[in-house]
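The values are calculated or read from the model by the stated rules, or taken from the named source; none is laboratory data. In this text the structure is predicted, and so the values were computed from the model without any measurement. All Cβ positions, even for glycine, are placed from backbone atoms using ideal geometry, and neighbour counts span all protein chains on display.
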Amino acid sequence: MSISVLPALDASKKAVGIFVVGLIAFVIGYWVNRNYFSDATPVQPIEFSHRIHAGENQIPCMYCHLYARSSRVAGVPSVHKCINCHKVIATGRAEINKLFNYWNEKKPIPWIKVHDLPDFVYFSHKRHVRGGVQCQTCHGPVEEMNRVTRLASLQMGWCLECHRAKKVENGRDCWTCHK
Amino acid sequence: MSDSDSIKEKWKKYRNPGYQDKFDYSWGMVIDLDRCTGCEACVTACQAENNLPIVGEEGFRSGREIKWIRIERYWDGEYPDIKLRFIPMLCQHCDNAPCEPVCPVYATYHNQDGLNVQVYNRCIGTRSCAAYCPYDARSFNWFSFTWDKPLDEQLNPDVTVREKGVMEKCTFCIQRIRQAKDTAKDQNRRVRDGEVQPACVQSCPTQALVFGDRNDPDSAVSKLAQNPRGYQVLKELNTNPSIIYLKNL
(Lines give C-alpha, C1' and ligand atoms only; values in the text may rest on other atoms or scores of the structure.)
Protein backbone atom coordinates (compact mmCIF):
# COMPACT_ATOMS: atom_id res chain seq x y z
CA MET A 1 0.00 0.00 0.00
CA SER A 2 1.45 3.24 -1.04
CA ILE A 3 1.40 6.08 1.45
CA SER A 4 0.83 9.51 0.08
CA VAL A 5 -0.76 12.58 1.53
CA LEU A 6 -1.54 14.04 -1.86
CA PRO A 7 -4.72 12.03 -2.63
CA ALA A 8 -6.09 13.09 0.74
CA LEU A 9 -5.88 16.75 -0.19
CA ASP A 10 -8.23 18.44 -2.57
CA ALA A 11 -6.99 20.58 -5.46
CA SER A 12 -7.19 23.94 -3.71
CA LYS A 13 -5.21 22.72 -0.73
CA LYS A 14 -2.57 21.35 -3.10
CA ALA A 15 -2.31 24.69 -4.80
CA VAL A 16 -1.94 26.49 -1.48
CA GLY A 17 0.69 23.97 -0.38
CA ILE A 18 2.72 24.44 -3.55
CA PHE A 19 2.44 28.19 -3.21
CA VAL A 20 3.64 28.16 0.41
CA VAL A 21 6.58 25.88 -0.37
CA GLY A 22 7.45 28.06 -3.35
CA LEU A 23 7.26 31.21 -1.23
CA ILE A 24 9.54 29.76 1.46
CA ALA A 25 12.04 28.64 -1.20
CA PHE A 26 11.95 32.09 -2.77
CA VAL A 27 12.53 33.88 0.54
CA ILE A 28 15.43 31.60 1.48
CA GLY A 29 16.89 31.88 -2.01
CA TYR A 30 16.58 35.65 -1.94
CA TRP A 31 18.25 35.85 1.46
CA VAL A 32 21.11 33.52 0.46
CA ASN A 33 21.63 35.38 -2.80
CA ARG A 34 21.57 38.77 -1.13
CA ASN A 35 23.98 37.81 1.61
CA TYR A 36 26.42 35.56 -0.18
CA PHE A 37 26.24 36.12 -3.94
CA SER A 38 25.25 39.75 -4.45
CA ASP A 39 27.76 42.20 -5.87
CA ALA A 40 26.35 44.91 -3.60
CA THR A 41 27.35 42.99 -0.47
CA PRO A 42 30.19 40.65 -1.41
CA VAL A 43 31.70 38.28 1.13
CA GLN A 44 35.20 39.60 1.82
CA PRO A 45 38.29 37.44 2.40
CA ILE A 46 38.50 38.72 5.96
CA GLU A 47 35.43 39.56 7.98
CA PHE A 48 36.50 43.13 8.49
CA SER A 49 33.94 45.27 10.27
CA HIS A 50 33.71 48.96 9.52
CA ARG A 51 31.23 49.20 12.42
CA ILE A 52 33.94 48.29 14.92
CA HIS A 53 36.71 50.37 13.34
CA ALA A 54 34.97 53.49 12.09
CA GLY A 55 31.89 53.32 14.31
CA GLU A 56 32.85 52.14 17.78
CA ASN A 57 36.50 53.11 17.70
CA GLN A 58 35.95 56.34 15.76
CA ILE A 59 38.90 55.88 13.41
CA PRO A 60 38.58 58.59 10.72
CA CYS A 61 37.95 57.29 7.17
CA MET A 62 41.08 58.93 5.86
CA TYR A 63 43.34 57.29 8.42
CA CYS A 64 43.16 54.13 6.31
CA HIS A 65 41.83 55.43 2.96
CA LEU A 66 44.49 58.07 2.98
CA TYR A 67 44.59 59.04 -0.69
CA ALA A 68 40.98 60.22 -0.87
CA ARG A 69 42.02 63.81 -0.24
CA SER A 70 44.83 63.90 -2.76
CA SER A 71 44.14 61.39 -5.49
CA ARG A 72 41.52 59.96 -7.78
CA VAL A 73 41.34 56.75 -5.79
CA ALA A 74 40.72 56.62 -2.06
CA GLY A 75 43.13 53.72 -1.64
CA VAL A 76 42.82 50.46 0.20
CA PRO A 77 45.22 50.38 3.16
CA SER A 78 48.27 48.18 2.89
CA VAL A 79 48.53 45.05 5.03
CA HIS A 80 51.25 46.92 6.87
CA LYS A 81 48.75 49.49 8.05
CA CYS A 82 46.52 46.76 9.52
CA ILE A 83 49.50 45.06 11.17
CA ASN A 84 50.61 48.36 12.68
CA CYS A 85 47.72 48.27 15.12
CA HIS A 86 46.97 44.57 15.22
CA LYS A 87 50.45 43.68 16.44
CA VAL A 88 49.07 44.62 19.82
CA ILE A 89 45.31 44.92 19.45
CA ALA A 90 42.94 41.93 19.42
CA THR A 91 45.69 39.44 18.64
CA GLY A 92 44.91 35.75 18.45
CA ARG A 93 41.41 36.05 17.02
CA ALA A 94 40.56 33.91 14.01
CA GLU A 95 40.15 36.85 11.61
CA ILE A 96 43.33 38.53 12.85
CA ASN A 97 45.19 35.26 12.31
CA LYS A 98 44.01 35.36 8.67
CA LEU A 99 45.48 38.84 8.46
CA PHE A 100 48.82 37.60 9.81
CA ASN A 101 48.78 34.77 7.25
CA TYR A 102 48.66 37.34 4.45
CA TRP A 103 51.38 39.31 6.21
CA ASN A 104 53.66 36.28 6.55
CA GLU A 105 53.07 35.24 2.93
CA LYS A 106 53.76 38.83 1.85
CA LYS A 107 50.56 38.92 -0.17
CA PRO A 108 47.97 41.68 -0.44
CA ILE A 109 44.51 40.91 0.86
CA PRO A 110 42.25 40.21 -2.15
CA TRP A 111 39.47 42.56 -1.08
CA ILE A 112 36.45 42.59 -3.36
CA LYS A 113 35.55 46.03 -4.68
CA VAL A 114 32.08 47.10 -3.58
CA HIS A 115 31.81 50.50 -5.24
CA ASP A 116 33.09 49.75 -8.71
CA LEU A 117 32.60 52.21 -11.55
CA PRO A 118 32.69 51.16 -15.20
CA ASP A 119 35.76 51.65 -17.35
CA PHE A 120 34.37 54.66 -19.23
CA VAL A 121 33.79 56.81 -16.15
CA TYR A 122 36.28 59.30 -14.78
CA PHE A 123 35.75 59.82 -11.09
CA SER A 124 38.06 61.69 -8.74
CA HIS A 125 37.80 61.26 -4.98
CA LYS A 126 39.95 64.32 -4.51
CA ARG A 127 37.53 66.63 -6.32
CA HIS A 128 34.61 65.40 -4.27
CA VAL A 129 36.35 65.37 -0.90
CA ARG A 130 37.78 68.86 -1.45
CA GLY A 131 34.36 69.97 -2.63
CA GLY A 132 33.05 69.13 0.80
CA VAL A 133 31.15 65.95 -0.03
CA GLN A 134 30.96 63.62 2.96
CA CYS A 135 32.08 60.02 2.41
CA GLN A 136 28.67 58.86 3.60
CA THR A 137 26.86 60.82 0.87
CA CYS A 138 27.86 58.19 -1.66
CA HIS A 139 29.03 55.26 0.44
CA GLY A 140 26.19 55.27 2.98
CA PRO A 141 26.65 54.95 6.74
CA VAL A 142 29.66 52.65 6.45
CA GLU A 143 30.44 53.14 10.14
CA GLU A 144 27.29 51.19 10.96
CA MET A 145 27.95 48.32 8.58
CA ASN A 146 29.64 45.08 9.55
CA ARG A 147 30.09 44.03 5.96
CA VAL A 148 30.03 46.95 3.52
CA THR A 149 26.95 47.18 1.35
CA ARG A 150 26.58 49.35 -1.69
CA LEU A 151 23.44 51.41 -1.16
CA ALA A 152 23.81 53.76 -4.14
CA SER A 153 23.03 52.57 -7.63
CA LEU A 154 26.14 54.41 -8.95
CA GLN A 155 24.29 55.00 -12.19
CA MET A 156 24.59 58.20 -14.20
CA GLY A 157 21.19 59.52 -13.14
CA TRP A 158 22.20 59.10 -9.52
CA CYS A 159 25.39 61.12 -10.06
CA LEU A 160 23.56 63.82 -12.00
CA GLU A 161 20.93 64.26 -9.28
CA CYS A 162 23.66 65.66 -7.06
CA HIS A 163 25.47 67.53 -9.82
CA ARG A 164 22.21 69.26 -10.71
CA ALA A 165 21.25 70.05 -7.15
CA LYS A 166 24.66 71.49 -6.28
CA LYS A 167 24.99 73.28 -9.63
CA VAL A 168 28.46 71.83 -10.19
CA GLU A 169 30.56 73.87 -12.62
CA ASN A 170 30.37 72.06 -15.99
CA GLY A 171 28.92 69.21 -13.94
CA ARG A 172 26.57 68.15 -16.70
CA ASP A 173 29.02 68.14 -19.56
CA CYS A 174 29.61 64.62 -20.86
CA TRP A 175 33.38 64.96 -20.95
CA THR A 176 33.52 65.98 -17.31
CA CYS A 177 32.98 62.35 -16.33
CA HIS A 178 33.08 60.23 -19.49
CA LYS A 179 36.44 59.44 -20.92
CA MET B 1 12.12 71.51 -18.78
CA SER B 2 12.93 68.02 -19.85
CA ASP B 3 16.50 66.94 -20.36
CA SER B 4 16.31 66.73 -24.12
CA ASP B 5 14.90 70.27 -24.25
CA SER B 6 17.75 71.59 -22.13
CA ILE B 7 20.26 69.79 -24.33
CA LYS B 8 18.72 71.38 -27.41
CA GLU B 9 18.85 74.80 -25.83
CA LYS B 10 22.44 74.36 -24.74
CA TRP B 11 23.34 73.11 -28.17
CA LYS B 12 21.74 76.11 -29.86
CA LYS B 13 23.66 78.42 -27.57
CA TYR B 14 26.97 76.77 -28.41
CA ARG B 15 26.32 77.04 -32.11
CA ASN B 16 25.94 80.82 -32.07
CA PRO B 17 28.94 82.63 -33.54
CA GLY B 18 31.36 83.84 -30.91
CA TYR B 19 30.01 81.58 -28.21
CA GLN B 20 33.51 80.55 -27.18
CA ASP B 21 34.36 84.04 -25.93
CA LYS B 22 31.93 83.51 -23.08
CA PHE B 23 33.83 80.54 -21.73
CA ASP B 24 37.06 80.06 -19.90
CA TYR B 25 38.91 78.03 -22.45
CA SER B 26 38.77 77.57 -26.16
CA TRP B 27 41.25 74.85 -26.98
CA GLY B 28 42.96 75.07 -30.32
CA MET B 29 46.05 74.03 -32.19
CA VAL B 30 48.49 75.52 -34.63
CA ILE B 31 50.29 73.22 -37.05
CA ASP B 32 53.35 74.65 -38.79
CA LEU B 33 53.63 72.73 -42.05
CA ASP B 34 57.07 74.15 -42.65
CA ARG B 35 58.29 72.17 -39.70
CA CYS B 36 56.43 68.94 -40.39
CA THR B 37 58.74 66.24 -41.68
CA GLY B 38 56.06 63.58 -41.98
CA CYS B 39 57.74 61.29 -39.46
CA GLU B 40 54.39 60.11 -38.06
CA ALA B 41 55.57 60.30 -34.47
CA CYS B 42 52.25 62.01 -33.69
CA VAL B 43 50.35 59.10 -35.23
CA THR B 44 52.24 56.60 -33.12
CA ALA B 45 51.87 58.67 -29.96
CA CYS B 46 48.14 59.02 -30.52
CA GLN B 47 47.82 55.30 -31.06
CA ALA B 48 49.53 54.57 -27.76
CA GLU B 49 47.82 57.30 -25.77
CA ASN B 50 44.26 56.70 -26.86
CA ASN B 51 44.09 52.89 -27.02
CA LEU B 52 43.57 52.79 -30.75
CA PRO B 53 43.23 49.25 -32.04
CA ILE B 54 45.36 47.87 -34.85
CA VAL B 55 43.01 46.61 -37.53
CA GLY B 56 45.57 44.66 -39.51
CA GLU B 57 46.37 44.60 -43.20
CA GLU B 58 43.00 43.35 -44.36
CA GLY B 59 41.09 45.84 -42.24
CA PHE B 60 43.24 48.62 -43.59
CA ARG B 61 42.62 47.58 -47.18
CA SER B 62 38.88 47.64 -46.66
CA GLY B 63 39.16 51.14 -45.22
CA ARG B 64 38.42 50.21 -41.66
CA GLU B 65 41.53 51.60 -40.04
CA ILE B 66 41.10 53.64 -36.90
CA LYS B 67 43.17 56.79 -36.92
CA TRP B 68 42.61 59.90 -34.88
CA ILE B 69 45.45 61.67 -36.65
CA ARG B 70 47.01 60.84 -39.97
CA ILE B 71 49.66 62.38 -42.21
CA GLU B 72 48.43 63.23 -45.66
CA ARG B 73 51.07 63.23 -48.38
CA TYR B 74 51.05 65.39 -51.49
CA TRP B 75 53.49 65.40 -54.37
CA ASP B 76 53.99 68.78 -56.01
CA GLY B 77 55.33 68.85 -59.60
CA GLU B 78 57.02 66.17 -61.67
CA TYR B 79 60.34 64.43 -61.21
CA PRO B 80 63.04 65.85 -60.91
CA ASP B 81 61.37 69.15 -59.88
CA ILE B 82 59.35 67.50 -57.21
CA LYS B 83 58.33 68.59 -53.76
CA LEU B 84 56.80 66.55 -51.00
CA ARG B 85 54.29 68.13 -48.66
CA PHE B 86 52.78 66.69 -45.51
CA ILE B 87 49.63 67.72 -43.72
CA PRO B 88 48.79 66.18 -40.34
CA MET B 89 45.03 65.79 -40.39
CA LEU B 90 42.98 65.31 -37.24
CA CYS B 91 39.60 66.34 -35.91
CA GLN B 92 39.46 70.10 -36.42
CA HIS B 93 37.05 70.66 -33.53
CA CYS B 94 35.12 73.03 -35.78
CA ASP B 95 33.08 75.75 -34.15
CA ASN B 96 30.36 75.08 -36.72
CA ALA B 97 30.91 71.36 -36.89
CA PRO B 98 28.95 69.66 -39.66
CA CYS B 99 28.99 66.40 -37.72
CA GLU B 100 26.99 67.81 -34.82
CA PRO B 101 23.57 68.64 -36.27
CA VAL B 102 23.31 65.32 -38.09
CA CYS B 103 23.65 63.09 -35.07
CA PRO B 104 20.18 61.79 -34.19
CA VAL B 105 21.09 61.06 -30.56
CA TYR B 106 23.29 64.06 -29.61
CA ALA B 107 26.27 61.75 -29.30
CA THR B 108 28.42 64.51 -30.71
CA TYR B 109 28.05 68.08 -29.55
CA HIS B 110 30.08 71.14 -28.69
CA ASN B 111 31.05 71.64 -25.09
CA GLN B 112 31.94 74.72 -23.09
CA ASP B 113 35.66 74.40 -23.91
CA GLY B 114 35.20 74.62 -27.66
CA LEU B 115 35.71 70.89 -28.01
CA ASN B 116 33.74 68.70 -30.31
CA VAL B 117 32.66 65.95 -27.94
CA GLN B 118 32.04 62.36 -28.92
CA VAL B 119 30.02 60.42 -26.36
CA TYR B 120 30.61 56.73 -26.95
CA ASN B 121 27.81 55.62 -24.67
CA ARG B 122 25.23 57.62 -26.58
CA CYS B 123 26.45 56.68 -30.05
CA ILE B 124 24.22 54.24 -31.91
CA GLY B 125 26.47 53.97 -34.95
CA THR B 126 24.50 55.67 -37.72
CA ARG B 127 27.83 56.98 -39.11
CA SER B 128 26.12 60.17 -40.29
CA CYS B 129 28.79 62.27 -38.62
CA ALA B 130 31.55 60.56 -40.59
CA ALA B 131 29.62 61.10 -43.79
CA TYR B 132 29.28 64.82 -43.05
CA CYS B 133 32.84 65.37 -41.83
CA PRO B 134 34.73 67.13 -44.63
CA TYR B 135 38.07 66.26 -43.01
CA ASP B 136 37.47 62.51 -42.81
CA ALA B 137 38.59 62.70 -39.20
CA ARG B 138 36.20 60.15 -37.78
CA SER B 139 36.69 56.41 -37.53
CA PHE B 140 34.06 53.78 -36.95
CA ASN B 141 34.56 50.67 -34.85
CA TRP B 142 33.45 47.87 -37.11
CA PHE B 143 34.58 45.27 -34.62
CA SER B 144 35.31 44.97 -30.93
CA PHE B 145 39.06 44.73 -30.69
CA THR B 146 41.00 42.83 -28.08
CA TRP B 147 44.59 43.13 -27.03
CA ASP B 148 46.51 39.89 -26.57
CA LYS B 149 48.48 39.45 -23.40
CA PRO B 150 50.75 41.15 -22.47
CA LEU B 151 49.78 43.99 -24.83
CA ASP B 152 46.69 44.76 -22.75
CA GLU B 153 49.04 46.02 -20.06
CA GLN B 154 49.95 48.99 -22.23
CA LEU B 155 46.38 50.27 -22.48
CA ASN B 156 45.96 53.74 -21.07
CA PRO B 157 43.71 53.50 -18.01
CA ASP B 158 42.56 57.10 -18.49
CA VAL B 159 40.96 56.31 -21.82
CA THR B 160 38.20 53.80 -22.35
CA VAL B 161 38.39 51.05 -24.95
CA ARG B 162 35.63 51.60 -27.48
CA GLU B 163 33.17 48.88 -28.38
CA LYS B 164 31.97 47.71 -31.73
CA GLY B 165 29.42 50.03 -33.31
CA VAL B 166 30.55 53.43 -32.04
CA MET B 167 32.20 56.32 -33.81
CA GLU B 168 35.41 57.75 -32.42
CA LYS B 169 37.74 60.61 -33.19
CA CYS B 170 40.40 62.89 -31.76
CA THR B 171 39.50 64.27 -28.34
CA PHE B 172 42.47 66.68 -28.05
CA CYS B 173 43.52 64.20 -25.32
CA ILE B 174 40.67 65.16 -23.02
CA GLN B 175 42.24 63.07 -20.24
CA ARG B 176 45.25 65.40 -20.20
CA ILE B 177 43.10 68.54 -20.32
CA ARG B 178 41.05 67.17 -17.46
CA GLN B 179 44.17 66.41 -15.46
CA ALA B 180 45.58 69.92 -16.00
CA LYS B 181 42.28 71.53 -15.05
CA ASP B 182 42.17 69.39 -11.91
CA THR B 183 45.62 70.57 -10.86
CA ALA B 184 44.74 74.16 -11.74
CA LYS B 185 41.58 74.00 -9.64
CA ASP B 186 43.55 72.75 -6.63
CA GLN B 187 45.87 75.74 -6.90
CA ASN B 188 42.96 78.08 -7.63
CA ARG B 189 44.28 79.34 -10.96
CA ARG B 190 43.69 78.94 -14.67
CA VAL B 191 45.45 76.31 -16.73
CA ARG B 192 48.78 77.81 -17.78
CA ASP B 193 49.81 78.05 -21.40
CA GLY B 194 51.73 74.94 -22.38
CA GLU B 195 50.54 72.97 -19.39
CA VAL B 196 48.35 70.76 -21.55
CA GLN B 197 49.97 68.91 -24.38
CA PRO B 198 48.09 66.28 -26.34
CA ALA B 199 50.13 63.19 -27.16
CA CYS B 200 50.74 64.32 -30.75
CA VAL B 201 52.03 67.73 -29.66
CA GLN B 202 54.25 66.23 -27.00
CA SER B 203 55.82 63.73 -29.36
CA CYS B 204 56.45 66.07 -32.32
CA PRO B 205 60.26 66.22 -32.67
CA THR B 206 60.20 69.48 -34.66
CA GLN B 207 57.48 71.08 -32.53
CA ALA B 208 55.33 71.61 -35.57
CA LEU B 209 52.22 71.22 -33.43
CA VAL B 210 51.35 73.74 -30.72
CA PHE B 211 48.36 73.43 -28.45
CA GLY B 212 46.74 75.99 -26.21
CA ASP B 213 43.89 78.27 -25.28
CA ARG B 214 42.73 80.52 -28.13
CA ASN B 215 40.83 82.76 -25.70
CA ASP B 216 44.07 83.79 -24.04
CA PRO B 217 45.71 86.47 -26.25
CA ASP B 218 49.14 85.75 -24.75
CA SER B 219 49.13 82.04 -25.42
CA ALA B 220 51.51 80.55 -27.96
CA VAL B 221 48.62 79.42 -30.16
CA SER B 222 47.02 82.86 -30.31
CA LYS B 223 50.33 84.45 -31.23
CA LEU B 224 51.15 81.86 -33.89
CA ALA B 225 47.66 82.13 -35.33
CA GLN B 226 48.44 85.78 -36.22
CA ASN B 227 51.10 84.54 -38.60
CA PRO B 228 50.28 85.60 -42.20
CA ARG B 229 50.99 82.04 -43.31
CA GLY B 230 48.01 80.85 -41.30
CA TYR B 231 44.99 79.28 -42.94
CA GLN B 232 42.19 76.91 -42.06
CA VAL B 233 41.61 73.79 -44.09
CA LEU B 234 38.43 73.99 -46.20
CA LYS B 235 37.64 77.40 -44.78
CA GLU B 236 35.15 77.99 -47.57
CA LEU B 237 32.84 75.45 -45.95
CA ASN B 238 32.46 77.87 -43.02
CA THR B 239 33.16 75.18 -40.46
CA ASN B 240 35.56 77.51 -38.62
CA PRO B 241 38.07 74.88 -37.43
CA SER B 242 40.00 75.26 -34.16
CA ILE B 243 43.17 74.20 -35.93
CA ILE B 244 45.20 76.81 -37.80
CA TYR B 245 47.70 75.51 -40.34
CA LEU B 246 50.75 77.59 -41.24
CA LYS B 247 51.42 77.30 -44.93
CA ASN B 248 54.44 75.43 -46.23
CA LEU B 249 56.27 77.86 -48.49
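Scanning segment A:26-50 for residues that are over 21 Å from A:P141 (Cα atoms) and aromatic (F, W, Y) yields A:F26, A:Y30, A:W31, A:F37. Candidates are the residues of segment B:106-127 that are crowded, with 18+ Cβ neighbours inside 10 Å and either of a type in the set (G, A, S) or more than 14 Å from every other protein chain (Cβ to nearest Cβ) (or both); the one that is nearest to B:M89 (Cα to Cα) is B:G114. Exactly one residue out of A:I24, A:I46 is in contact with an Asp or Glu (Cβ under 6 Å, 6 or more places away or on another chain), hydrophobic (A, V, I, L, M, F, W, C) and at pLDDT 90 or above: that is A:I46. Among the residues making up segment B:87-125, those that are hydrophobic (A, V, I, L, M, F, W, C) and touching a residue at least 60 places away in the same chain (Cβ under 8 Å) are B:I87, B:M89, B:L90, B:C91, B:C94, B:A97, B:A107, B:L115.
Total residues in segment B:156-165 satisfying the condition of being within 11 Å of another protein chain (Cβ to nearest Cβ) and either modelled with pLDDT of 95 or more or surrounded by fewer than 17 Cβ atoms within 10 Å (Cβ to Cβ) (or both): the figure is 3. Restricting attention to segment A:129-154 and to residues that are out of contact with any Asp or Glu (no Cβ under 9 Å at 6 or more places or on another chain) and within 12 Å of chain B (Cβ to nearest Cβ), the residue that is modelled with the highest pLDDT turns out to be A:V129.
So that you can scan it fast, the table gives a plain yes or no per residue for (1) surrounded by fewer than 14 Cβ atoms within 10 Å (Cβ to Cβ); (2) under 18 Å from A:F120 (Cα atoms):
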{"position": "A:C135", "(1), (2)": "no, no"}
{"position": "A:G140", "(1), (2)": "no, no"}
{"position": "A:Q155", "(1), (2)": "yes, yes"}
{"position": "A:L160", "(1), (2)": "no, yes"}
{"position": "A:K166", "(1), (2)": "yes, no"}
{"position": "A:T176", "(1), (2)": "no, yes"}
{"position": "A:K179", "(1), (2)": "no, yes"}
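Consider segment B:132-155 and keep the residues that are of a type in the set (S, T, N, Q) and under 26 Å from B:Y106 (Cβ atoms). The one that is farthest from the other protein chains (Cβ to nearest Cβ) is B:S139. Just one of the listed residues (A:W175, A:W158) is within 14 Å of chain B (Cβ to nearest Cβ) and either part of a helix (DSSP H, G or I) or not β-branched (V, I, T) (or both), and it is A:W175.
Taking every residue in segment A:15-35 that is more than 30 Å from A:T149 (Cβ to Cβ) and not assigned by TED's automatic domain parsing to the domain that holds A:T149 and pairing it with any residue that is aliphatic (A, V, I, L, M) and surrounded by 10 or more Cβ atoms within 10 Å (Cβ to Cβ), at least 6 positions away or on another chain, the pairs with Cβ-Cβ distances below 8 Å are A:G17/A:L9. When each of A:H163, A:H125 is tested for being over 24 Å from B:R122 (Cβ atoms) and more than 16 Å from the chain's Cα centre (by Cα), the lone residue that passes is A:H125. Does at least one position in segment B:167-175 carry a residue that is closer than 30 Å to B:E236 by Cβ, among the aliphatic types (A, V, I, L, M) and within 13 Å of another protein chain (Cβ to nearest Cβ)? Checked against the condition, which is being closer than 30 Å to B:E236 by Cβ, among the aliphatic types (A, V, I, L, M) and within 13 Å of another protein chain (Cβ to nearest Cβ), segment B:167-175 yields at least one hit. Which condition from (1) surrounded by fewer than 16 Cβ atoms within 10 Å (Cβ to Cβ); (2) more than 14 Å from chain B (Cβ to nearest Cβ) is the one that A:I109 breaks? Here A:I109 meets the rest and fails (1). Restricting to segment B:181-201, give me the number of residues that are within 13 Å of chain A (Cβ to nearest Cβ) and among the small types (G, A, S). Selection size over segment B:181-201: 1. For A:N170, the test of being within 12 Å of another protein chain (Cβ to nearest Cβ) and among the polar types (S, T, N, Q) is passed. Restricting attention to segment B:128-155, the residues that are more than 27 Å from B:K8 (Cβ to Cβ) and either at pLDDT below 90 or surrounded by fewer than 21 Cβ atoms within 10 Å (Cβ to Cβ) (or both) add up to 15.
For segment B:223-249, filtering for residues that are at negative phi, under 18 Å from the mean Cα position of the chain (by Cα) and not aliphatic (A, V, I, L, M) leaves 7.
Among the residues of segment B:121-140, those that are of a type outside the set (A, V, I, L, M), over 17 Å from the mean Cα position of the chain (by Cα) and in a loop (DSSP other than H, G, I, E, B) comprise B:N121, B:R122, B:C123, B:G125, B:T126, B:R127.
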